[in-house]
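Heads up, the thing below is written out as structure tokens.
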Amino acid sequence: MKKQIVRISVLQSSKIMTLLYTLFGFIYTLIGIPMIIFGGSQLRIVGVIYLFGPVFMGILGFICFVIAAAIYNLAASLVGGVEFEVKDVV
């Protein structure tokens, strides 16, 4: 059975991607904390920037996915959506 994704909900999908990017941004926080504790003055500045990684990643993830979903919806309306096959599994 073939299915086709013809439209992506821009706002709902972007909220999910924002959450995922924010969670991935905590990796930067884990890197930034030792920089703040053990680093010199310049390394501490970089550490503070890394500390706010989840915020930056969340904002950029939202903006980028809004743009990507809008482009996908435009392209799907012109040439059709992504097509895939599904089967029932018992």
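The numbers here are math on the coordinates, done by the rules we state, and not lab data. None of these values were measured; they are calculated from a predicted model. Cβ atoms come from the backbone with ideal geometry, glycine included; neighbour counts cover every protein chain shown.
A quick yes/no check of all residues on (1) within 20 Å of the chain's Cα centre (by Cα); (2) farther than 28 Å from Phe84 by Cβ:
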site: Lys3; (1), (2): no, no
site: Val6; (1), (2): no, no
site: Leu23; (1), (2): yes, no
site: Ile31; (1), (2): yes, yes
site: Ser41; (1), (2): no, yes
site: Gly53; (1), (2): yes, yes
- prompt: Can you name the condition, by its number, that Val90 falls short on among (1) more than 30 Å from Ser9 (Cβ to Cβ); (2) touching a residue at least 40 places away in the same chain (Cβ under 8 Å)?
  reply: (2)
query: Mind checking which pairs have a first residue in the range 69-86 that is within 12 Å of Ile5 (Cβ to Cβ) and a second that is among the charged types (D, E, K, R) and loosely packed, with under 11 Cβ neighbours inside 10 Å, Cβ under 7 Å, 6 or more apart or different chains?
result: Glu83/Lys2
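What helices (runs of 4 or more DSSP H) lie completely within the chain and have 1 or more residues being surrounded by 13 or more Cβ atoms within 10 Å (Cβ to Cβ) and in contact with a Lys or Arg (Cβ under 9 Å, 6 or more places away or on another chain)? Write out each step before concluding.
Working: elements: 10-38, 41-51, 53-79.
Fully inside the chain and qualifying: 10-38, 53-79.
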